[in-house]
Amino acid sequence: MADCSITEKFELHVPKLEELCEVLQNGLKKNFADAKVRVTDCPDLSQDPFRFPVRGLCGKPRITDVGGVPYLVPLVQPDKVYSMNTVAKEVELPGAFILGAGAVSSKTVGMNAELMPLVVTEAEGKPAINASYFSSINPADGQCLQEKYSDRFSDCDFGLLANLYACEGKPGKVIEVKASRRTGGDSLVTCLRTTLEKHYRDKSLALGGTFVIQKGQAKIHIMPREFSACPLNSNEEVNQWLKHFTVSAPLICQSVLVSRDPGLDLRVEHTHCFSHHGEGGHYYIDTTPDTVEYLGYFLPAEFIYRVDRPKVTHVIGRD
């Protein structure tokens with residue numbers, strides 16, 4: 001298991017939800033023909049289309065950036081293996097519900113793959129509930145193969161990197177985001193992040209949560225099953241190595257974004273998606289701007305925890 005003992009903690013700026021709604025709605029209207037952001041009760045996320053192992057996104061919200069892309073490229077460091085249960089303790093919330101975007105542990109799974117974590121971590125003698133999905137390249141046809149993690153594995157491990165949102169999984173007030181008909185060049189996630197970056201300038205804010213692409217299609221990537229034997233030294237080389245797909249709604253996305261890196265070498269946005277029709281992976285942007293419809297639920301995080309920050313770093317492969 002990789003060393004989680006060096007964890008840095010940073011307190012984030014947390015505006016009132018009503019203020020955030022106004023700021024985000026103004027920003028989204030520059031990128032979407034229709035946009036509405038409001039404070040509402042979190043829907044029951046254990047129901048369709050989410051089917052999460054908890055009901056809500058509320059209760060001590062925090063995010064963490066674990067490991068990093070420098071452990072994947074230019075050359076992989078496969079010994080970087082982490083546990084969601086350990087991460088929950090590192091973010092001072094044992095028993096937390098964790099969602100986000102990461103990579104599987106190749107030591108467990110036997111290959112490289114995209115991970116869509118959905119885990120209620122262990123606490124006080126209660127075992128963890130792992131409802132995660134993972135997507136790999138199907139060797140039979142080269143297409144996306146999405147599987148439920150617990151159908152094959154019984155641990156809560158992951159590898160190399162992850163951007164995670166942790167909370168108590170309780171009902172409560174959240175920010176609801178509705179956006180449709182994209183008119184600008186930014187994805188929903190990038191638009192939310194840059195809106196916060198521009199408005200709050202020198203402050204660092206973070207949002208975590210989930211959104212559904214209700215109509216349309218999206219561009220995703222899935223990492224190959226085999227790590228690159230040759231060093232990947234540029235974004236172009238990374239993109240040539242990745243396998244890209246167009247996938248169809250409904251897609252359930254889980255996202256972490258930070259308005260501004262406070263000096264922790266963060267990946268400032270990272271989103272993975274899964275579906276109940278077998279498609280999922282790393283989300284970039286919708287490919288059907290005229291028809292796309294988004295519905296999302298987010299909360300601002302109170303803290304960020306930087307776990308096992310790479311000592312040697314770079315900015316390659318963080319799109």
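Descriptive notes on the structure:
A quick yes/no check of all residues on (1) among the polar types (S, T, N, Q); (2) in contact (Cβ under 8 Å) with a residue 40 or more places away in the chain; (3) touching a Ser or Thr at 6+ places or on another chain (Cβ under 7 Å); (4) closer than 26 Å to LYS243 by Cβ:
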position	(1), (2), (3), (4)
GLY67	no, yes, no, yes
VAL91	no, yes, yes, no
LEU99	no, yes, yes, yes
LYS107	no, yes, no, yes
GLU122	no, no, no, no
LYS126	no, no, no, no
ASN130	yes, yes, yes, yes
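- Strands (runs of 3 or more DSSP E) contained in region 20-94 and holding at least 3 residues in contact with a strand residue (DSSP E or B) (Cβ under 6 Å, 6 or more places away or on another chain) and not hydrophobic (A, V, I, L, M, F, W, C): 32-41, 62-67
- Within region 228-257, residues that are among the acidic types (Asp, Glu) sit with their Cβ atoms under 9 Å from residues that are surrounded by fewer than 13 Cβ atoms within 10 Å (Cβ to Cβ) and assigned to a loop (DSSP other than H, G, I, E, B), at 6+ positions apart or across chains, in these pairs: GLU237/CYS230; GLU237/PRO231.
- Filter result for the condition that a residue is in contact with a helix residue (DSSP H, G or I) (Cβ under 6 Å, 6 or more places away or on another chain), farther than 20 Å from VAL119 by Cβ, modelled with pLDDT of 95 or more and among the polar types (S, T, N, Q), over ASN31, ASN26: ASN31
- Filter pass, GLN240 being farther than 19 Å from ASN138 by Cβ, among the polar types (S, T, N, Q) and touching a strand residue (DSSP E or B) at 6+ places or on another chain (Cβ under 9 Å): no
- When region 42-90 is filtered for residues that are touching a helix residue (DSSP H, G or I) at 6+ places or on another chain (Cβ under 8 Å) and surrounded by 24 or more Cβ atoms within 10 Å (Cβ to Cβ), the ones remaining, listed by number, are THR64, VAL66, LYS80.
- Checked against (1) over 24 Å from SER135 (Cβ atoms); (2) loosely packed, with under 15 Cβ neighbours inside 10 Å, SER204 passes all but condition (2).
- Scanning region 24-41 for residues that are surrounded by fewer than 21 Cβ atoms within 10 Å (Cβ to Cβ) and in contact (Cβ under 8 Å) with a residue 60 or more places away in the chain yields ASN26, LYS30, ALA33, ASP34, LYS36, ARG38, VAL39, THR40, ASP41.
- Unmet requirement for THR313, which otherwise passes all of (1) over 28 Å from VAL39 (Cβ atoms); (2) buried (at least 22 other Cβ atoms within 10 Å of the Cβ); (3) not aromatic (Phe, Trp, Tyr): (2)
The values are calculated or read from the model by the stated rules, or taken from the named source; none is laboratory data. All of these numbers come straight from a predicted model, not from anything done at the bench. For neighbour counting, all protein chains shown are included, and Cβ atoms are generated from backbone atoms with ideal geometry for every residue, glycine included.
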